[in-house]
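Trainee: Submitted below is the structure of interest, expressed as structure tokens.
None of the figures in this text is laboratory data; all of them are computed from the coordinates on show. This structure is a prediction, so every number in the text was calculated from the model and none was measured. Here the Cβ is made from the backbone with ideal geometry for all residues, glycine too, and neighbour counts use every protein chain on show.
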Amino acid sequence: MTAFFQSLGMSYEWAWGVATVCGILLIALPLMLAVAMIIYADRKIWAAMALRRGPNVVGPFGLLQSFADGLKVFLQETIIPSSANRGLFLIAPIITFTVALMAWAVIPFNSGAVLADINVGLLYILAVSSLGVYGVILSGWSSNSKYPFFSAMRASAQMISYEVSIGFILIGVVLFADSFNLNEIVKAQLGHGLGLVNAFGFNLLLFPLAVLFFISSLAETARTPFDLTEAESELVAGYQTEYSSMSFALFWLGEYANVLLMCTLNAVLFWGGWLPPLDWAPLYAVPGIIWLFAKILFFFFVFSWVKATVPRYRYDQLMRLGWKVFLPISLIWVFLVSGYLMLTRYS
Amino acid sequence: MIQLIAFYLFAFLVIASAAMVVFARNPVHSVMWLILAFFNAAGLMLLAGAEFIAMLLVIVYVGAVAVLFLFVVMMLDIDFAELRAGFVRYLPLGALVAIILAAELVFALGAWSAGGIDLAARAAPAVADKSNIQQIGELLYTRYIFLFEAAGIVLLVAMIGAIALTHRQRGGTRSQKIAAQNRRRPDEATRLVDPGVGQGMEL
């Protein structure tokens, strides 16, 4: 894109700057639109599984429901509790929202279609997602209220626990792909299974990791069955109890942007990203971005499906699953994967 | 040009937020400034071309250490008036530390202006065509393998020590037996009874 702006007669610095801003807008604006529609889709799927109709009043099939909700929230008054820590109270939703957008910089949408093609892309995502916990902690602490504080404690412990096993799971992928760059990881999946299928997920050695990563990503985004941070029967609404108006909306958007990010990571790391699922020439006629979106939407459907059907874990069960089940399994798999690669690729 | 702007921005923010860590009255605010300082230090690392170290700085310090620190700060019952009351008592110690640091700074500046020791020849040369991670990995797992493993063993010992110090079996607690919980079936967990009036229930 820099070359295009340079051809319009700009100097390199200006062309680079304009191209980067355009790239950011090209990712962020469709993302916000996607988040609005995905909230609608989430409610519709959830309703359909509970044999309800879901949102069906605003616009055709209720399609404009999220926008109506957004407008309503926008017009509300922002209430700040008198005993809240004002500065941190206002910064917390901004952190959540910003961090949820930041990680998208390294996601490859097609071959070469990536905003920041850095060679530590996966580490960047881990770093950004470890920042995400601060929005929750700060909102819970600064509200100066019991339930948000409980929720913040739960959320931070939960995210830290599952980030550990996610880190070990990602090592398996990195070993196979031989790169931390997300685009290289996608390319490494080309014809991975006997030259027939384009995905690490079809590899019998990596498939358990794909399942673990999917469950961990449910926990990382605090979706059902791990939504203890928003357990309404115990904590009112969790860390966002004291929030209203746009500050609440930022949490809401950030949360769903994170869900989409996790779906995208599932697609990119284990299921071929922008590659078609089969290594068969006619399938490459479909643009890569459509394959990626189809995979993201599929994983989002599974997220909703889980939300509609699985009951919530108890907190000690959640911790046990993270530390006593996922962590040992992912550690063993690091040994298995590296041993397999030592035997086959590097001997 | 943009590198220069970025460098001064990051450098200014590191120093400013480091100062705010000390000057902020509320410990939680201090932690927040500390995280900002770490974050900007990672930015400086990026400018130096060490993207792997930069990401590790964010993951390890910002992600893990600062979260643990925040836990401690938020769980402690801190009385701000009491914290400030000790100012005069700790003044001599604080002044001593400040003098030592200042002396070290002057000493380091003097040594630096006198010309550095030629350390570059002793370190392994950087290879330009390899990525950061590969370079570090090759050094760590070949040249410094024993130091690296020693560091790992030290960490392992520290971990076992921490567990051994804090893990104790308290009497009278009931722990979860997950296997027994999973084996439970409705017909053995529930009972259908039909008590007569006024007889009560045996549980």
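Trainee: Looking only at other chains, what is the average number of their beta-carbon atoms within 10 angstrom of each beta-carbon in A:140-148?
Mentor: The shielding value for this peptide is 1.
Trainee: In peptide A:209-216, how many Cβ atoms from other protein chains are near each Cβ within 10 Å, on average?
Mentor: Average neighbour count from other chains, rounded to a whole number: 0.
Trainee: Taking the Cα centre as origin and putting +1 on Lys and Arg beta-carbons and -1 on Asp and Glu beta-carbons, what dipole magnitude results for the stretch A:1-75, to the nearest 20 debye?
Mentor: Its charge dipole is roughly 480 debye.
Trainee: From the Cα gyration tensor of the stretch A:227-347, with a ≥ b ≥ c the square roots of its eigenvalues, which class applies: rounded if a/c is under 1.5, or else prolate if a/b is larger than b/c, or else oblate?
Mentor: Oblate, since a/c reaches 1.5 and b/c is not below a/b.
Trainee: While we're on this one: What average number of partner chain Cβ atoms lie no more than 10 Å from the Cβ of the residues making up B:140-147?
Mentor: Average neighbour count from other chains, rounded to a whole number: 0.
Trainee: What does the stretch A:85-164 give for Rg and for Dmax, in Å, if only its C-alpha atoms count?
Mentor: According to the Cα coordinates of the stretch A:85-164, Rg and Dmax are 15.0, 48 Å.
Trainee: Now for a separate question. Number of Lys pairs in the protein assembly as shown with C-alpha atoms less than 30 angstrom apart, excluding same-chain neighbours closer than eight positions?
Mentor: Step by step, the pairs that qualify in the protein assembly as shown add up to 13.
Trainee: Let me ask another. So if I place +1 on the C-beta of Lys and Arg and -1 on the C-beta of Asp and Glu, and nothing else carries charge, what would the dipole magnitude of the protein assembly as shown be about its Cα centre? I want it in debye, nearest 20.
Mentor: Computed charge dipole of the protein assembly as shown: roughly 1080 debye.
Trainee: Could you give the DSSP H helices of chain A that reach 20 angstrom or more along their long axis (alpha carbon positions) and whose average Kyte-Doolittle hydropathy is no lower than -0.5?
Mentor: Long hydrophobic helices here: A:12-49, A:86-102, A:121-142, A:146-177, A:245-270, A:288-309, A:327-344.
Trainee: How many angstrom lie between the Cα centre of the stretch A:38-90 and the Cα centre of the stretch A:175-204?
Mentor: About 38 Å separates the Cα centre of the stretch A:38-90 from the one of the stretch A:175-204.
Trainee: Based on Cα coordinates alone, diagonalise the gyration tensor for chain A, multiply each eigenvalue by 5, take square roots, and list the semi-axes in whole Å, largest first.
Mentor: Here the semi-axes work out to 33, 26, 21 Å.
Trainee: Still on this structure, please answer the following. Local charge sum around residue A:133 (other residues, Cβ-Cβ under 14 Å, Lys/Arg +1, Asp/Glu -1)?
Mentor: Here the count lands on -2.
Trainee: Would you please give the FRET efficiency between residue A:82 and residue A:207, computed as 1/(1 + (r/R0)^6) with r the Cβ-Cβ distance and R0 = 45 Å, to the nearest 0.05?
Mentor: 0.25
Trainee: A follow-up question, please. 5 Å is the cut-off here: which amide hydrogens, built 1.01 Å from N in the peptide plane, fall below it relative to residue A:278, excluding neighbours closer than 5 in sequence?
Mentor: Those qualifying (amide H under 5 Å, at least 5 residues apart or on another chain) are A:198.
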